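The values are calculated or read from the model by the stated rules, or taken from the named source; none is laboratory data. Treat the numbers as computed from the prediction; the structure is a model and nothing was measured. Virtual Cβ from ideal backbone geometry, glycine too; neighbours counted across all protein chains shown. Surface accessibility is based on the protein's heavy atoms, side chains included, excluding ligands, DNA and RNA. Shrake-Rupley method; radii C 1.70, N 1.55, O 1.52, S 1.80 Å.
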Amino acid sequence: MSNRLKRLLICLLMTASPAYAASSSVTVDQSGIVVAGAWGGRRAYAPLDVSRILPGFLGAWAVRPEICVEGPRSAPFPDQTPNGFVGIAADRISTKSGTFVVAGAYVRTPETMTPWDIESALAEKRKIVLSLNKERNAAEMLVELRPLRQGESHFYQLILSDEKKTLLLEEAGRERVTLKLCE
């Protein structure tokens, strides 16, 4: 990330309400840029033109391989899954806590994005939006999820590693979970 973009993001963070940022670990800018993560490792994300989870993240994931065998048998992703098992579809994530639908999808801001791009978007009163088709191979994204029943949104950072066989899943403000792709 360029130094200019980092400086702009720091300014955005400093102007955001510290109480809000500390409680949610997510800051949304008027340009559409979302800053999320722990204070030592906050990252900037831009919204996708379609609220979908990218293809590399889809599938059945588990904390341990034996949980894959215990995973759902009837439907690919039922309302609740066994503890340690996460089912990810393009429009939802199923966990032991229930099913959450995708309300927003974001990817890391491109290295080529400058503070002037953001300033220009703000001046023109337009949001910065990236193409899902161009970003489909991204290995990191942020998703805003809402429970099927009424409730507050939750932001989750998804990071693929190990040739897309390991998924680091972190809800804003909570401990990171490492999952392996069920085969």
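Every condition in (1) farther than 27 Å from C182 by Cβ; (2) free of Cβ contacts under 8 Å to residues at least 12 places away in the same chain holds for V69 except the one numbered (1). Flag not set for E111, criterion: open to solvent by 50 Å² or more (accessible area, probe 1.4 Å), more than 29 Å from R64 (Cα to Cα) and without any contact (Cβ under 8 Å) to a residue 60 or more places away in the chain. For first residues located in region 136-148 and under 13 Å from P110 (Cα atoms), partners that are of a type outside the set (S, T, N, Q) and part of a loop (DSSP other than H, G, I, E, B) and lie 6+ apart or on another chain with Cβ distances below 7 Å form the pairs A138/L54; M141/L54. Residues in region 154-177 that are surrounded by fewer than 14 Cβ atoms within 10 Å (Cβ to Cβ) and either in a loop (DSSP other than H, G, I, E, B) or touching a residue at least 24 places away in the same chain (Cβ under 8 Å) (or both): D162, E163, K165, R174, E175, R176.
The set of residues from region 122-148 being in contact with a strand residue (DSSP E or B) (Cβ under 8 Å, 6 or more places away or on another chain), open to solvent by 30 Å² or more (accessible area, probe 1.4 Å) and not in a helix (DSSP H, G or I) comprises K127, V129, S131, A139, R146, P147, L148.
On the stretch given as region 144-183, residues that are aromatic (F, W, Y) and out of contact with any Leu (no Cβ under 7 Å at 6 or more places or on another chain) total 0.
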